[in-house]
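As structure tokens, the structure follows; a few thoughts come after it.
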Amino acid sequence: IQSRRRKHGNWKENPSAGSFFRNVLSSSKAGERQAAGWFLEQAGAKTMSVGGAFTLPQHANIITHDGTASAQDVLEMSRRMAKAVKDMFGIALEREVRLLGPFSDGEEGQHAGFW
């Protein structure tokens, strides 16, 4: 529990939807999944921000906010993060978080929201 708190922060201080992207399925016969956070960190996600949305400093796969971010900011942040991983590793990350409502670019969400 202490390790999780250290890596994932305090949700009361930094609200988030948890891990934003699913772990990457292994491409080897070892069968182990690879942490999306590792790929995101290597691709520079910890230095990215959009509006008031940014990654949790201790975990590159968790998007949080400063109180001013819109859901559109979070969506754009996630797109930039995924593009950076795609550009660096050729891996297409899959969102784990579900979107809620329509977005300005026409993307339509379905079930659970961001926070």
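The values are calculated or read from the model by the stated rules, or taken from the named source; none is laboratory data. These numbers were taken from a predicted model, which means no experiment stands behind them. Cβ atoms come from the backbone with ideal geometry, glycine included; neighbour counts cover every protein chain shown. Ligands, DNA and RNA are excluded from the accessible area calculation, which covers all protein heavy atoms including side chains. Shrake-Rupley method; radii C 1.70, N 1.55, O 1.52, S 1.80 Å.
Points worth noting:
- Answer from Val97, Val85, Val74 - the residue that is within 19 Å of Gln34 (Cα to Cα), assigned to a helix (DSSP H, G or I) and open to solvent by less than 20 Å² (accessible area, probe 1.4 Å): Val85
- Cβ-Cβ contacts under 6 Å between residues 6 or more apart (or on different chains), taken from a first residue in the stretch 46-59 that is at positive phi and assigned to a helix (DSSP H, G or I) to a second residue that is buried (at least 17 other Cβ atoms within 10 Å of the Cβ) and of a type in the set (Gly, Ala, Ser), are absent.
- Pair list, Cβ under 7 Å, 6 or more apart: the stretch 27-41 residue modelled with pLDDT of 70 or more, other residue open to solvent by 60 Å² or more (accessible area, probe 1.4 Å): Arg33/Asn23; Arg33/Leu25; Gln34/Asn23; Ala35/Asn23; Ala36/Arg22; Ala36/Asn23; Phe39/Phe89
- Any hit, the stretch 62-69, residues being assigned to a loop (DSSP other than H, G, I, E, B) and within 16 Å of Phe21 (Cα to Cα): no
- Close contacts from the stretch 95-112, counting a first residue that is farther than 17 Å from Asp73 by Cβ and of a type in the set (Lys, Arg) and a second that is at pLDDT below 70 and not in a loop (DSSP other than H, G, I, E, B), with Cβ to Cβ under 8 Å and a gap of 6+ residues or different chains, come to none at all.
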